[in-house]
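To start, the structure under review is shown below, and the notes come after it.
The values are calculated or read from the model by the stated rules, or taken from the named source; none is laboratory data. Here the structure is a predicted model, which is why all the values come from computation and not from measurement. Here the Cβ positions follow ideal geometry from the backbone for every residue, glycine too, while neighbour counts run over all protein chains shown. Just the protein is used for accessible areas: all its heavy atoms, side chains included, with ligands, DNA and RNA removed. Shrake-Rupley method; radii C 1.70, N 1.55, O 1.52, S 1.80 Å.
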Amino acid sequence: MPEEEILAGYERVKLDKDSSLDQQLDWLKEAGFCDVSCIYKHYQFAVMFGRKLGKNNS
């Protein structure tokens, strides 16, 4: 990976703000997602899932 991309990645990380998994799941629910859950978690990495139903998919 070019050094320029690595440095850009470090700059992006400076803007990251940690929040709890529960908070992030709540944000998904507030945004209209249903069946929200965490399907994988390892240290600071998590994979979350949610479905957002359209008008014709209820």
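Measuring with a 1.4 Å probe in the full set of protein chains, what accessible area per residue, in whole Å², belongs to region 11-58?
Per-residue accessible area for region 11-58 comes out at 93 Å².
Tally Lys/Arg at +1 and Asp/Glu at -1 over every other residue whose Cβ is under 13 Å from the Cβ of Gln24; what's the total?
It works out to a net charge of -2.
When Lys and Arg each count +1 and Asp and Glu each count -1, what net charge do the other residues less than 10 Å away from Cys34, Cβ to Cβ, add up to?
That sum, taken over residues with Cβ under 10 Å, equals +2.
How much of the accessible area of the chain, probe 1.4 Å, is carbon plus sulfur, in whole percent?
The nonpolar share, carbon plus sulfur, comes to 53 percent.
In the set (1) 40, 15, 4; (2) 19, 15, 7; (3) 30, 15, 11, which value of semi-axes √(5λ) of the Cα gyration tensor in Å was calculated from the structure you see?
Looking at semi-axes √(5λ) of the Cα gyration tensor in Å for this model, the match is (3).
Could you work out the relative contact order of the chain? I mean the mean sequence separation of Cα pairs under 8 Å and 6+ apart, divided by the number of residues, in percent.
Relative contact order, the chain: 23 percent.
For the chain, compute the number of Lys pairs whose alpha carbons are separated by less than 19 Å, excluding pairs fewer than 8 positions apart on the same chain.
4
Farthest toward the dipole's positive end in the chain, which of Leu21, Phe45, Met1, given Cβ charges of +1 (Lys, Arg) and -1 (Asp, Glu) about the Cα centre?
Of the candidates, Leu21 comes out farthest on the positive side.
Which value in deg cm²/dmol, rounded to the nearest 500, describes the helix-derived mean residue ellipticity at 222 nm for the chain, given -39,500 (n - 2.57) per DSSP H run of n ≥ 4 and division by the residue count?
Mean residue ellipticity at 222 nm (helix-derived): -12000 deg cm²/dmol.
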